[in-house]
Amino acid sequence: MTQMQNPVNSVMFRSHEGVVENARPSAGGRDVGSRGPERWVKVLDQTRCIGCHACTTACKSENEVPLGVTRTYVKSVDVGSYPNVRRAFQVTRCNQCENPPCVTACPTGAMYQRADGIVDFDKRICIGCKACMAACPYDAIFINPEDHSAEKCNFCAHRIEIGLEPACVAVCPTEAIFIGNIKDPNSRVSKVVQREHVSVRKAEKHTRPGLFYKGAHAATLDPIAATRPGGSTFMWSELKDSTKTVNSGHPEKGHHNSSAAAKLSYDISHSVPWGWKVSLYTWTKGVAAGFFPFVLLLSYFAKLSFSSEMTRVIGPVVSLVFLGITGVLLIVDLKHPERFYLLFTHPQWKSWLVRGGVIISLYGAALALSLLLGFTHNSGYVKDLGPVTIVLGALTAVYTAFLFAQSKARDLWQSPLLGPMLLVQAALIGSGGVALLHSYLSVTSYRWAADVFLTMLVLHTLFVFAEILIPHPTAGAHLAVFEMTRSTMAKFFWFGVAAIALGFLFILSPLVGVSIALLGLLSYEHAFVQSAQRVPLA
C-alpha cells in the first residue's frame, strides 16, 4: 500500500491518547526480514477481551473493508458443560510473521515485508492468484470483492507512519490489544512477551509470529479443537455451508474431539482459495507433460522412428494443445487475469508460481520448436532436442509438488510422495494416450506403451493407498484425509480410485480402459486438491 509520510521523529507511548511508543519514520522498504531498528509486534490480552467486536468494526471503518470479508474478527468458543461453562474469545487476524510464507509464495511481490517487520501489501501489482491465501497458516488473507485484490491486516501501517496506534488498539474499550517494538527492552510488549505466559498460533509452521496471545484458551487457538455445531446456526449467525467456504471447528459427525466439551459458537466463513480450475489444471498439465516426452522415449528405446508422424507432428501437437489449455486455466483463475504478464515482468523468484511459469514457458518453447522441426522434416534435430524436452516435461509435471509445498497452510500437500506421484500420473496419462493411437505405432512401441500404462496404474494405486493408510504427522493432514475419504470429497475420491482400477480393462479394450482411468485420475485430483483446503485454519 502507499505509505503516508511521517513528520514525527519520536513519540512516547500514551495508550489512552492513541499514540504509539517510540514511533519513527519508516522507509517503507521491501526488505524481507526485520533488519531495521524496530520490530513491531502485537499482544492480544484475552483475559481482558469481552467479545464486543469493536476492533472488527473499527478496522472495517478505518480501512474501508467491504461487507462479507474482514481483516480482523472475534471468534468465540463455549467450553465446558452446564453448570461449569465459560465463553472464550479469540481476536483473529494476520500474525505479522517474521518468516511470512505469504511473502515467499507471492509471485509479484505484492505481499512484502517492511524493514520494521510489518507485512504489507501493494494492490497495484496483485494478480489475484491466491497463492498467499493458500500459504497463510492463519487464514488471514482474503480477496477484496470490490477490487479483486488480496488484502489483510497490515498493522494500520499508514497510522504507524504518523505516530498513531492501529484503529483496533485505539478503540478497544478494555485495552486488550496493545503494540510496540519488541527490540526495545523497555517497551510494554517486550516486558509482557518475555516475562509473562503468552502463546502463538501454529509455532510448528516456523513462521515466527509477531502476534502474541495472553491468557487465550487452547480451544480457541487450535482451529479444530472445538466441535463444529451440528445444526445450521451459531449463537447468533447462520452457519454457511458451501463447497467454496470452510467452517472452523472439528466436524461433529463421528468425532467428539474435545475433552473440554468445547463447541464453536461464533465464527466467520473462510474461503477456499483454489477451486475446480486448479484441480483441472493438474490434469491437463499431466497430459501436456506426459504425452510427447513418452513419444520421445518410445523413439529412443522402442523402435518408433523419429520420422514417424507420431513423433514429428501428433506428439508435440497434443502436448502443446493441453499446455495451452493449462495456461488458459491458470490465467482465468486469476482475479486479475489482465495482469498475468506481471508474473514475468515483476517476478518474485522465490515463488514457485514464477518458477513454474518459467518452466512451462520453456517447455512450450521446446514443444513449438520440435513441431516446427517435425513439419520441416528435420527429424535429426528433433532427436537432438529430445533430452531437453523430456527433462522440461518432467519438471512441468513435478513443479506443482513444490508449489503445493509452499502452501504451508495445507498439511496434506506437504507429503514427500506428491512429487513422485505427479511424475507417475504424467507417465500414466502419456502412455495411455499414446497407446490409444496404436495405428501410428510400431508393434514394439505399442507393447511398451501398454506395459508402461498398466505398470503406472499399479504404482499410482500404491501411492494413493500409501497416502491414506500411512499415518500423517499432523492433525490437519489427518482431517484432510478424513475429508477426502469419508466426508465432502469422498464421492470424487472413491470414484477416482475405482475408475483407475478399472483401467485394467485396457487388456480387453484399450479405449475403454484408458478413458475410464483418465476420468478417474481427474476425479482423484479434484478430491486431493479440494480436501486439503477443507481443513479449518482459524
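Of all residues in the range 260-284, those satisfying the criterion of being assigned to a loop (DSSP other than H, G, I, E, B) and of a type outside the set (A, V, I, L, M) are ASP267, SER269, PRO273, TRP274, GLY275.
The condition of being farther than 30 Å from TYR112 by Cα, under 22 Å from the mean Cα position of the chain (by Cα), of a type outside the set (Asp, Glu) and crowded, with 19+ Cβ neighbours inside 10 Å holds for only one of THR284, THR311, that being THR284. Apart from one condition, GLY520 fits all of (1) out of contact with any Ser or Thr (no Cβ under 8 Å at 6 or more places or on another chain); (2) farther than 20 Å from VAL278 by Cβ; the exception is (2). When restricted to residues that are closer than 19 Å to ARG93 by Cβ and in contact (Cβ under 8 Å) with a residue 60 or more places away in the chain, the range 127-144 contains 12.
Go through the range 189-204 and give me each residue that's closer than 20 Å to GLN90 by Cα and not in a loop (DSSP other than H, G, I, E, B). Before you say what the answer is, go through the steps one by one.
Restricting attention to the range 189-204, the residues satisfying the condition of being closer than 20 Å to GLN90 by Cα are 189, 192-193, 196-204.
Once the filter is applied, which keeps residues that are closer than 20 Å to GLN90 by Cα and not in a loop (DSSP other than H, G, I, E, B), the range 189-204 yields VAL189, VAL192, VAL193, VAL198, SER199, ALA203, GLU204.
Of all residues assigned to the range 161-180, none qualifies as being farther than 16 Å from ARG71 by Cα and free of Cβ contacts under 8 Å to residues at least 60 places away in the same chain. Scanning the range 94-116 for residues that are crowded, with 24+ Cβ neighbours inside 10 Å and at positive phi yields one hit, GLN96.
Coordinate-derived values only; no laboratory data. Computed from a predicted model, the values in this text were never measured in an experiment. When we count neighbours, we look across all protein chains shown, and the Cβ atoms used for this are built from the backbone with ideal geometry, even at glycine.
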